[in-house]
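Read the structure below first, then the notes.
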Amino acid sequence: MEIGNLIRMANRIGQFFDAMPDRHEALEGVANHIHKFWEPRMRNELLGFLAASPNGDAGDEQLHPLVLDAVTQNRQRLTPAPRVG
């Protein structure tokens, strides 16, 4: 999947949770949503992008600050388990 598309999808999640008054709850909401509903390959691609671009800037697209913080703070939880077999 193209990183610009993943960023747009993640930003929509971030915009939804950004309306929450409790920042910690918003960060958890973003991380939980990505963990539960994104395929492992999508999470791997987003995490790989952030490893190469820690500021979340892809040129034409940039991660919403809430998403950037949520994914950065929850990197280990969002990293898919290695496939066995």
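The values are calculated or read from the model by the stated rules, or taken from the named source; none is laboratory data. Computed from a predicted structure; not experimentally measured. Cβ sites come from the backbone with ideal geometry, for glycine too, and all protein chains shown count toward neighbours. Note: areas computed on protein heavy atoms with side chains; ligands, DNA, RNA excluded. Shrake-Rupley method; radii C 1.70, N 1.55, O 1.52, S 1.80 Å.
Does at least one position in the range 1-12 carry a residue that is among the β-branched types (Val, Ile, Thr), in a helix (DSSP H, G or I) and closer than 15 Å to Asn74 by Cβ? Reasoning before the result, please.
Within the range 1-12, the first condition is being among the β-branched types (Val, Ile, Thr), and the residues that meet it are 3, 7.
Keeping just the survivors that are in a helix (DSSP H, G or I) gives 3, 7.
Still in the running and closer than 15 Å to Asn74 by Cβ: none.
No, that holds for no residue.
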Qualifying residue in the range 8-16 (condition: open to solvent by 20 Å² or more (accessible area, probe 1.4 Å), at pLDDT below 95 and not aliphatic (A, V, I, L, M)): no
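Could you name every one of the helices (runs of 4 or more DSSP H) located completely within the range 29-85 that has at least 1 residues being open to solvent by less than 50 Å² (accessible area, probe 1.4 Å) and of a type in the set (Lys, Arg)? I'd like the intermediate steps shown before the answer.
On the way: elements: 40-52, 65-73, 75-78.
Qualifying helices (runs of 4 or more DSSP H): 40-52.
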His24 being assigned to a helix (DSSP H, G or I) and open to solvent by 80 Å² or more (accessible area, probe 1.4 Å): yes
